[in-house]
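As C-alpha cells, the structure follows; a few thoughts come after it.
None of the figures in this text is laboratory data; all of them are computed from the coordinates on show. If you're wondering where the values come from, they're calculated on a predicted model, not measured in any experiment. Cβ: placed from backbone, ideal geometry, glycine included. Neighbour counts: every protein chain shown.
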C-alpha cells in the first residue's frame, strides 16, 4: 500500500525511544524521587513531603490553570502582578467587612477581571499576549500600591489564616485547594469540549475556527481562568504568611512557566497536559528540596535550575525538529 | 548503469549526476530502494510518481538534505557524499522545495544574495549589489523588482526569486520539487518558459512533478518511481499520460471517475441558496492572511452572486486562482463576513455569520489548504474528526469517549482513511489520507451541504479516485456538494453543473452532458486571452 509506505513509522527501537521521550518527565521525576529517598535521610519522611506539598500549593494553583492558557497559544505574565495585587484587594475587603469569605471572593474576582481584560485585548485587539500581559502587569502592580497605600497589609481577624493553614487529614488546606484546582484543570482540559477547543485553538487557530470553534471566546476564557487562579494563589499565599505586601516582583510567573515547560507542555501551544505541569512542579520542588537536604549552596541551585529549564526546552525543540 | 569505461569519455561529459544503487530508510519505511538514475547535463529530467513513491527523497538526497544509507551519488564523475545542503550547494546543486526558503521581510535583492553579499569593510556594498542584480536579471531573463519585499510577492514570483538565488550562486544543477503545484495555469506556463531557459543556459534541472501533461511537454528524460524504486527510465516521445499513470500505480486505472449520481429534481426547494453575495476585497478579511494567492492585491470584489444548490447535486466552480472562487465559498460558509447578501440553508432561518453557525445548519467546509486551515497536525485523527461534533457526544459536561470512538471509527472507515489508528497524529498521514480525514470529519449524518475547495490538491492518483468516489456517493445519498477546483478534468468528470468565475462574477454555466474543458477554460480566461493562446 503506497499510503502505508508514505507513513514513516518508527521501528521497534524507535518506538521505545519515542515513548521514553514522551514520558521523559515521568521517568526523571521518579528517578529523582528514588535518588533522594536513597541518598538522604530526611527526604522520604512524612513531614518533609507534606512540607514540599504545602510549599508548592500556590505555584500549582496558578500553573495548572496557566497550562491551559499556554496550550491555547497564549502567554500570561500577569500572573505575578495578579498574585501580588489580588491579596491586597482581598485584605482591603477583609479589613472593611471582617468577612474572610467575602475577602476570598473579592481576591478571586479581581484576578478574574484582570484575566478577562487580558483575554479580551488579546482576542479582539490581536495584540501579542506576552506584550499585553506585560503591560497590564505594570497596571496591576500599580493598583496593588494604590489599594494598599504602599504598605504591608494584615488581616483584621486571625481567621484569615484558616484559608491556607487549617489541617485536614494531615495536609494543609493550601495543599487541598491546590490539589482540587489541579484536578479541575486536568479534567477540564482532558475531558471536556472546552478542553478540546483549547488544544484546537493553540494547535491551529484558523483550522479550529473553520471547524466551528469560537476561538476568541476560548482565548478570553483561558486568560480569565488564569487570572482567577493567580488571584486565588495570591490569597492563599497571603493566608500562609498572614500578610500581603505591594511590590513589582515578577518572579512568581517564572516559577510557574518553569513548571509548565519542564513538564513538557510546548510554549508553541497545541500540545501539553496538566499532569505534566504537576510533575514539572514536583520535579523542580524535589530538586530544590534535595539541594537543601544535601546542603548545596543556593547560588549553585539557581544555576542548575536554569540548566534544567534549558534542557527541557531544548528537548521540546529537538523533538519538534525531528518530526518535521 | 555502466561505469565509464576507458574509450568512452563522452559518457562522463554527458552525465551530470548519477545515482548508483542509492537507498534510504526512514524508520521501518524503505523510502528509496536501490535507485539508479542517470541525469544528463543540460537536460530537464522529470521525476514522477505517486505521493510517497520516494521522488522528493531522491531530490533531497542529491541536495544533501538527506544522506543516503547506501549507494553512491556521482557528481561530474566524482562520488560525493553530501552531509548538508551547504556541501551540495558548494558543488553547484540547489533545491527549490514547495516550502520556499525566503526571508519575507527582506527585499528581493537581499534574498537573492543572502549569504553571498557584496561587502566592503564588512558593510553591504549597495552599488555593487545593484550591478550584480542587473547582470543576473539580464543573464536569466527574469524581470523582477529588486526592492520589492519578498513577503508581498505571490508564490510564482517568490519562486523566481529562488531561481535567481540559485543563479547568483552559479548553480549548475537545480532541483525543483513540485514547483507548479500552487501556481495558476498562466504562472505555470511562465515557469515552463523559465525552466527551458535554464536548460538553454546549460543548467541541469531535476523536475519533480505530479502533472503528467507538463512533464511530457517539458522533460527530456523521465524517471518513473513507485514504492521507492525506479520502475522506468524513459523519454517523453515514447510515453502518454496513460502509460505514465500505469507505470506509477502499477495497474491500469479503470476510468478516472465514478459514475455520476442521477441529477436531482430541480423543482424541489434548494438546500442552499445564495442571494446577492458581495465580499470585501480579500486579504483584509482572511484573518491570518494564510492563503497566499487569495490575498494578492488584485483579487477583485465578488459582486452580487446568486446560486442555488439542490440536495444531491454536485456543483463545480471553475476559474483561475484569484477569480474570487475561494472568497465566494468562504463567505458562503461564514469563514469571512460578506459585505452584503444572504445565505440560506433550507429550514434554517437564522443568519449565519460564523463557521459554528454554518456547522449547526449542516454545512461543512474542506478548505483550500489542509495543513494551514484544515487539520490540527499535532493532534490525533480521532480529535481532528470529532472536533465539530463534540456537542453531540458530550454527556454531563464531558466528552463521552465511547460515543466519540463510535462516531470517529465509523466516519474514518467510511472515508477510507488508512495509514494509522485513530490515535495517530495526522501529521504522520500521507497527503491523500489527510484529505480523506477531512472528508471523514464532515461526512456524518447531519451534513447537508459540503463545500470542498481544491480537495485533491497535492494528493496521489489513487487517493484522488477514492475522493471522487466519496463525493459521488455522498451526493447519491442526498448531500449537496459545492466543488471548487483548478483541475478541469475533475469538474467535468464529476459535476452536474459547472459555474465559471472570472473577476468575481459567474460568467458562464454549463450542465452535464455539455461540460467541456476547452469551453470552461475559454470563459475562465475571457475571450481575448483565449484567442492568443489557442493560435
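Could you state the angle between the C-alpha long axis of helix A:79-97 and the longest principal axis of the C-alpha atoms of chain A, as a value from 0 to 90 degrees rounded to the nearest 10? The angle comes out near 30 degrees. Please give the Cα centre distance for region B:386-413 versus region B:432-466, rounded to the nearest Å. Region B:386-413 and region B:432-466 have Cα centres separated by 20 Å.
Computed over the protein assembly as shown, the per-residue total of -39500 (n - 2.57) for DSSP H runs of n ≥ 4 gives a 222 nm mean residue ellipticity of -15500 deg cm²/dmol, rounded to 500. Rg of the Cα atoms in chain A, relative to 2.2 N^0.38 Å, amounts to 1.04. Modelled label positions at residue A:35 and residue A:138, each set 7 Å beyond Cα in the direction of Cβ, lie 4.2 nm from each other. With only Cα atoms counted, chain B has Rg and Dmax values of 24.8, 83 Å. Does region B:394-458 come out rounded, prolate or oblate by the C-alpha gyration tensor, with a ≥ b ≥ c the root eigenvalues, rounded set by a/c under 1.5 and, if not, prolate when a/b is larger than b/c and oblate if not? Since a/c reaches 1.5 but b/c is at least a/b, the shape of region B:394-458 is classed as oblate. As a proxy for reagent exposure, A:108, B:80 were ordered by neighbouring Cβ count within 10 angstrom, fewest first; the result is B:80, A:108.
Quick one: helix A:129-148 against the long Cα principal axis of chain A, what's the angle to the nearest 10°, folded into 0 to 90? With rounding to tens, the tilt is 10 degrees.
Let me make sure I get this right: for region A:126-247, a, b and c are the square roots of the gyration tensor eigenvalues over alpha carbons, sorted descending. Under 1.5 in a/c it's rounded, otherwise prolate if a/b > b/c, else oblate. Which is it? The shape class here is oblate.
Between residue A:267 and residue A:26, the simple spin-label model (points 7 angstrom out along Cα→Cβ) gives 2.6 nm. Here the Kirkwood formula puts the hydrodynamic radius of region A:233-324 at 14.9 Å, using every distinct Cα pair. Counting Cβ atoms of other protein chains within 10 Å of each residue's Cβ and taking the mean over peptide B:427-434 gives 3. Of the residues A:199, A:145, B:333, the one with the fewest other Cβ atoms within 10 Å heads the list, and the complete ranking is A:145, B:333, A:199. Across chain B, the relative contact order, built from alpha-carbon pairs under 8 Å that are at least six residues apart, equals 14 percent. Over region B:15-249, Cα pairs under 8 Å with separation of 6+ residues give a relative contact order of 29 percent. Against the main long axis of the alpha-carbon atoms of chain B, helix B:431-442 sits at an angle near 10°.
Per-peptide packing, taken as the mean over residues of other Cβ atoms within 10 Å, places B:112-124, B:440-452 in the sequence B:440-452, B:112-124 from highest down.
A simple spin-label model places pseudo-atoms 7 Å from Cα toward Cβ; at residue A:51 and residue B:149 they are separated by 5.7 nm.
The C-alpha radius of gyration of region B:358-402, expressed as a fraction of 2.2 N^0.38 Å, stands at 1.31. Solvent-free Debye calculation, one equal scatterer per alpha-carbon of region A:30-166: log10 I(q)/I(0) at 0.10 Å⁻¹ equals -0.47.
What the Cα convex hull of region B:303-422 gives, in volume per residue, is 158 Å³.
Using C-alpha pairs under 8 Å with a sequence gap of at least 6, the mean separation divided by the residue count of chain A gives a relative contact order of 31 percent. Region A:132-148 and region A:36-75 have their alpha-carbon centroids 27 Å apart.
Taking the inverse of the mean reciprocal distance over all distinct Cα pairs, the Kirkwood hydrodynamic radius of the protein assembly as shown comes to 30.4 Å. Shielding value for B:388-395 is 3, the average number of Cβ atoms from other chains within 10 Å of each residue's Cβ. Sorting A:201, A:241, A:69 from the fewest to the most surrounding beta carbons within 10 angstrom yields A:241, A:201, A:69.
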